[in-house]
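The values are calculated or read from the model by the stated rules, or taken from the named source; none is laboratory data. The shown structure was predicted, so the numbers you read here are calculated from the model rather than taken from an experiment. Backbone-built Cβ (ideal geometry, glycine too); neighbour counts: all protein chains shown. For the accessible areas, the whole protein counts, side chains as well, though only heavy atoms, and no ligand, DNA or RNA atoms are used. Shrake-Rupley method; radii C 1.70, N 1.55, O 1.52, S 1.80 Å.
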Amino acid sequence: GAEVEQHSARGEVQFSQEYRIVTRSGAVRWIDDRTTVERDAAGNIAFYQGVVTDITERRQAQAALERSERHYRKLIEGGSDAFFVIDRAGTVIYRSPTGRHLTGWEDADVVGKSITNFVLPEYLPLAHGAIAETARSAEGTIRVELRMRRKDGALIDIEATGRNLLSDPDVGGIVVTVSDITARKQADAVRTR
């Protein structure tokens, strides 16, 4: 671990070091060891004071959070699907960077607006119904196929899957995954002719 030395106005010097230990049972623990040197008026060392804290849970929580953030970032950056977080009224709270590639719209055009603004009028009842059903559903996902207009005017078929995470303090919304299924729909239309 890194060792830090800090000088305060009172002349105390604090050494802080984090290190890993292995207990007799083979368990790995992380320890934070802080030593403070107190000096008297003449500058001589009066005493040392040490505080040792077991920070294993904190280190594990930090590692889990970093893993989760990496996982989420890979999902968003690596795929062609767009992720939206909306409130129960359908207002967009967040949109993944891939949303711009899918829709052509900038964040400023989308965040704070209703997600249904981008759906063709004939699909609005279906979209509103899916949002309401997802908001009522405590678990599971709601899937719906819609048609939307990109910023460049092109029409695309999308599959939207909604998951209710309104009560999750980390999300506080409905997570909507949107996939472009235009090519699949066109292939299906050719096959059924």
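Brief remarks on what is shown
- Residue that is least open to solvent (accessible area, probe 1.4 Å) [pool: residues in region 79-91 that are assigned to a strand (DSSP E or B) and at pLDDT below 90]: ALA82
- Residue in region 173-185 that is surrounded by 14 or more Cβ atoms within 10 Å (Cβ to Cβ) and farther than 24 Å from ASP109 by Cα present: yes
- Filtering VAL28, VAL37, VAL52 for residues that are surrounded by 14 or more Cβ atoms within 10 Å (Cβ to Cβ) and touching a strand residue (DSSP E or B) at 6+ places or on another chain (Cβ under 8 Å) leaves a single hit, VAL37.
- First in region 152-181 and free of Cβ contacts under 8 Å to residues at least 60 places away in the same chain, second anywhere and hydroxyl-bearing (Ser, Thr, Tyr) and open to solvent by 40 Å² or more (accessible area, probe 1.4 Å), Cβ under 6 Å, 6 or more apart: THR161/THR141; ARG163/THR141
- Evaluation of VAL171 against (1) at pLDDT below 90; (2) in contact with an Asp or Glu (Cβ under 8 Å, 6 or more places away or on another chain); (3) of a type in the set (Val, Ile, Thr) (one fails), failing number: (2)
- Which numbered condition VAL175 fails, given (1) closer than 21 Å to ASN117 by Cβ; (2) in contact with a helix residue (DSSP H, G or I) (Cβ under 9 Å, 6 or more places away or on another chain): (2)
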